[in-house]
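A short worksheet on the structure shown next.
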Amino acid sequence: MKHLVINGVDFQVANFEEQVVKNEETSEDLKEISFTFSVIGESQNNLYQAFFEASKYEVFVPDSNETFNAKKGTLSFGYTGNGISQDTEVNFSVKLNQVSEIEPKSSMSDMERILMNLSEESLLARARFKTLLDLLIEKDVLSAEDYEEKFDKDLKENIDKFHKQLFEGMLD
């Protein structure tokens, strides 16, 4: 029997296995542990099934004095008979995977991330503008023709100024 402490709860486990697996995103070596344990009765079964529904675990292995954060890998349980009574033995099999403490590197460069954010903001601005224009036309505050005429005039008069403002400081 091996002793484990998971989220502050003591476990006496059998069939304890520990292996090291390589995280594909961070190239970090992470622990994967698997073990079995048994409980007696329906209430203990329900208690431990609920315990292993958590999203993360703090695992302490007293034999090696190691502590690490983990997430649930696989969980299975079984018993013999037609149902679980107060004296039914329920066997659990659990696998926990160490959680990486290293942030995975983004596949995007800073410039790609900036351009993506700029594109998203540009699309949102365009959607907001179209909504506003449609409302003004719908409420007869403005006609589509008046808008197009004013836009074309302003663009012709100010295109050089708009370019300069947009690229100011970038082309020096």
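Values in this text are rule-based calculations from the coordinates and carry no lab data. Quick caveat, the model's predicted, so the values are computed rather than measured. In this analysis, Cβ positions are derived from the backbone assuming ideal geometry, glycine residues included, and neighbour counts consider all displayed protein chains.
Which of rounded, prolate or oblate describes the range 106-172 when judged by the alpha-carbon gyration tensor and an a/c cut-off of 1.5? Walk me through the numbers before you get to the answer.
Working: a/c = 5.22, a/b = 1.52, b/c = 3.44.
In terms of gyration-tensor shape, oblate.
Give the shape of the range 47-172 as rounded, prolate or oblate, defined through the alpha-carbon gyration tensor: a ≥ b ≥ c are the square roots of its eigenvalues, a/c under 1.5 means rounded, and otherwise the shape is prolate if a/b is larger than b/c and oblate if not.
Working: a/c = 7.26, a/b = 2.47, b/c = 2.93.
Oblate, because a/c is 1.5 or more while a/b does not exceed b/c.
When the helices of the chain are scored as -39500 (n - 2.57) per DSSP H run of n ≥ 4 and the total is divided over every residue, the value at 222 nm lands at -12500 deg cm²/dmol.
Ranked by Cβ crowding within 10 angstrom, fewest neighbours first, how are 79, 48 ordered?
On the way: 79 16, 48 20.
Placing the least packed residue first, the sequence is 79, 48.
Cross-link candidates for residue 31: which lysines have Cα within less than 20 Å, leaving aside residues fewer than 8 places away along the same chain? Filter leaves 2, 22, 56, 71, 72, 95.
Taking a straight line from the alpha carbon of residue 130, these lysines sit under 26 Å away, with near neighbours fewer than eight places off in the same chain left out: 139, 150, 153, 156, 161, 164.
Trypsin sites (Lys or Arg not before Pro) within the range 1-79: which are DSSP loop residues with at most 14 other Cβ atoms inside 10 Å?
Details: sites: 2, 22, 31, 56, 71, 72; in loops: 56.
Hits after loop and neighbour filter: 56.
Here, the range 1-104 has an Rg and a Dmax of 14.9, 47 Å when only alpha carbons are counted. Here the contact order of the chain, divided by its residue count and restricted to Cα pairs under 8 Å and six or more residues apart, works out to 18 percent.
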